[in-house]
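Accompanying notes for the structure given below.
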Amino acid sequence: MPEVIDKQTIHALGADTRQEILKLLTKRPYTASELARILNKHVTTVTEHLSVLEKSGVVRKKDSTNKWVYYALTDKGERFFKPNFTWVLMLGVSLIAIVAGFHQVIFVQYQASIF
C-alpha cells in the first residue's frame, strides 16, 4: 500500500536547505556541524532544519559511541531517493514490450513491401 505524505512531511521537504541536507544524508550520516560547514550555514540554523526533518520522520539521530550526534535518513527518508523495485520492473517490462512492438511493426511492413 502506498505511503501517504502528510502535511508535516510536505512542510519539511519545502525548504531548499532541508532538501540539500537530505541529499547529503543519502551518502552517509553527518553531524550538524559537518552539514553546517558543507552548506556554509550557521550550526544553529542547520540544527533547526534537522529538527523539522526529524519531526516529520525522514531523519533520525543515529546512535554513536562517541560524543557526536550523527543524523541519518530513516526508511521513510530513503524512499524519496531509492526507486521502488516494482516501478523499475514495470518500466523495464514496458520498454521491452514497446521495442518488441516496434520491431514487429517494422518487420510486418518489410514483409509486405517484398510481396
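Details
- Cross-chain or 6+ apart pairs with Cβ under 7 Å, the stretch 1-19 first and among the small types (Gly, Ala, Ser) and modelled with pLDDT of 80 or more, then in a helix (DSSP H, G or I) and surrounded by 10 or more Cβ atoms within 10 Å (Cβ to Cβ): 12/18; 12/52; 12/53; 12/56; 15/49
- The set of residues in the stretch 15-53 that are of a type in the set (A, V, I, L, M, F, W, C) and within 16 Å of residue 79 (Cα to Cα) comprises 21, 22, 24, 25, 53.
- Remark: residue 42 falls outside the filter, which requires a residue to be touching a helix residue (DSSP H, G or I) at 6+ places or on another chain (Cβ under 8 Å), open to solvent by 90 Å² or more (accessible area, probe 1.4 Å) and touching a residue at least 40 places away in the same chain (Cβ under 8 Å).
- Number of the exception - residue 79 against (1) of a type in the set (Lys, Arg); (2) at pLDDT 90 or above; (3) closer than 13 Å to residue 22 by Cα: (2)
- Criterion violated by residue 52 - all others in (1) within 21 Å of the chain's Cα centre (by Cα); (2) in a loop (DSSP other than H, G, I, E, B) satisfied: (2)
The values are calculated or read from the model by the stated rules, or taken from the named source; none is laboratory data. Source: prediction; values computed, not measured. We place every Cβ from the backbone using ideal geometry, glycine too, and count neighbours over all the protein chains shown. Side chains are part of the model used for accessible areas, which takes the heavy atoms of the whole protein and leaves out ligands, DNA and RNA. Shrake-Rupley method; radii C 1.70, N 1.55, O 1.52, S 1.80 Å.
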